[in-house]
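> Please read through the structure below; I'll follow up with questions.
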Amino acid sequence: MWLFYTLIPCLLIDEVVLLPAPQNLSIQSTNMKHLLTWSPVIMGEETIHYSVEYQGEYESLFMSHIWIPSSRCSPTTVPECDITDDITATVPYNLRVRAILSSHTSAWSILKPPFNRNSTILTPPGMEVTKDGFHLVVKLEDLGPLFEFLVAYWRREPGVKEHVKIVKSSGIPVHLETMEPVAVYCVKAQTFVRAIERHSAFSQAECVKMQGETLPLALALFAFVGFMLILVVVPLSIWKMGRLLRYSCCPGVVLPDTLKITNSPQKLISCRREEVEACATTVLPSEELFRT
C-alpha cells in the first residue's frame, strides 16, 4: 500500500488524468428538496474536490448544450450537492460530476436517467392541532413557498361531513372553526405543489376534545350575583341622583299650619243661600260704637 501512495505523484506527471470518475450518482428528492449524491473518490490522504454542473432543457436545445456550474457545489469537498436552487423548471435535467485534485481532473460522470422534479416524493405535512379558547387551530410544517395545503376537519360524530380549507401559508397558526363544548374535532392535511400538479397523501388525523368550559360553578354564581346587584343598585342610584338634583335646583318650601288648607277649595266657596244670610254682617248703631 505504501508503494501505491509513493507512486501517486509519478502517475500525475505530464498532466495525465489518472483520477477515477465519481461513481454511483443518484438523486434523493423529497418535498421538492433535491440532493445529488455519489461515491467519494479516494486518493490516499489527498483532499479531493468535486465539480457539479447541470443542463436543463433550455440549455440543451437553445444554448448549444452548455453546462452551468451548480450555485452551491462548484467546487465542494463532500460527495453530495443540494441542487434545489438549480432545478427551477419541471423539465428533464442532465447532471454531471467530476473529481479534482490540484490541476488534475477526472472524467465526467453523468446521472442516468436525467432528473425531473415531478418525480419528487411528497410526504404528508407535519402539523400541530390545538385549541385556543373555543377556536380550533392548526399549525402546518413550513415546506417552502411552492407548497399549499388542503386541510380537512370535522366534528367526530356519525353523519358529519368533512370541511376542507386551502391554506397557502405555513408555519403560522390558522383558525379552522369555532368549537362547541364537550365535542371532539379531528384534523388531517395533505400537501399540494402546483408547479408539478401533484399532492401527497393525507396525514394521520389528529383530534382534540373541547371540554365543558361553559363556566365554572363559582364563576357562574359570581356572575349571577353581580347581575342582580346591577339590577338593584343602578335603578336606586338613578332615583337617588334624581332626588338630589330636584332638591338642589328646586328646594321644597314648608308652609305654616295656618296657611295650610285642610278642606277642599270647592267646599269653601260653595256656600248655600241660607248660609250666606246667616253670615251677613250686623251694622251697629253709632251709640253702641261710642259706648264700647
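> Averaging over all projection directions, find the projected area of the Cα convex hull of region 23-119 and quote it in nm² with one decimal place.
Convex hull of Cα atoms, orientation-averaged projection: 6.3 nm².
> Just flag the trypsin sites (Lys or Arg not before Pro) in region 168-211 sitting in loop per DSSP whose Cβ has no more than 16 other Cβ atoms within 10 Å. Please report the intermediate quantities before stating the final value.
Values: sites: 168, 188, 194, 198, 209; in loops: 168, 194.
Here the trypsin sites (Lys or Arg not before Pro) that fit, given the DSSP loop and packing criteria, are 168, 194.
> Could you check how much of the accessible area of region 26-88 is carbon and sulfur, as a whole percent, using a 1.4 Å probe?
51
> Among the trypsin sites (Lys or Arg not before Pro) in region 27-120, which ones are in a DSSP loop with at most 16 other Cβ atoms within 10 Å of the Cβ? Mind listing them?
72
> Mind checking the full-extension length gain between residue 243 and residue 204? Use 0.36 nm per residue of separation minus the Cα-Cα distance, one decimal, nm.
That works out to 7.1 nm of additional length.
> Taking 45 Å as R0, compute the FRET efficiency from the Cβ-Cβ separation of residue 165 and residue 104 and round it to 0.05.
Efficiency computed from Cβ-Cβ geometry: 0.20.
> Got a sec? Which residues in region 179-194 would a label at residue 211 touch, if it sits 7 Å along Cα→Cβ and we count backbone N under 20 Å?
179-186
> If I model a spin label as a point 7 Å beyond the Cα along the Cα-Cβ vector, how far apart are those points for residue 26 and residue 184 in nm?
4.2
> Here is a follow-up. State which entries of 165/188; 188/209; 33/131; 168/209; 161/209 exceed 20 angstrom in Cα-Cα distance in the structure shown. Could the numbers behind the result be given before it?
Values: 165/188 11 Å; 188/209 15 Å; 33/131 32 Å; 168/209 26 Å; 161/209 18 Å.
Over 20 Å Cα-Cα: 33/131; 168/209.
> Still on this model: Points 7 angstrom from Cα along the Cβ direction at residue 37 and residue 231: gap in nanometres?
Simple spin-label model gives 7.4 nm for this pair.
> For region 127-210, give the magnitude of the charge dipole about the Cα centre (Cβ charges: +1 Lys/Arg, -1 Asp/Glu; no others), in debye to the nearest 20.
140
> Evaluate E = 1/(1 + (r/R0)^6) for residue 146 and residue 62, where r is the Cβ-Cβ distance and R0 equals 22 Å; express this FRET efficiency to the nearest 0.05.
Details: r = 25 Å, r/R0 = 1.15.
According to the calculation, E is roughly 0.30.
> What per residue convex hull volume, in Å³, do the alpha-carbon atoms of region 69-132 yield?
That works out to 150 Å³ per residue.
> Between the alpha-carbon centers of region 74-105 and region 27-49, tell me the distance in whole angstrom.
With region 74-105 and region 27-49 each reduced to a Cα centre, they are spaced 9 Å.
The values are calculated or read from the model by the stated rules, or taken from the named source; none is laboratory data. Predicted model only: the values in this text are computed from it and were never measured. No Cβ is skipped: glycine too gets one built from the backbone with ideal geometry, and neighbour counts run over all protein chains shown. What goes into the accessible areas is simple: the full protein's heavy atoms, side chains included, and nothing from ligands, DNA or RNA. Shrake-Rupley method; radii C 1.70, N 1.55, O 1.52, S 1.80 Å.
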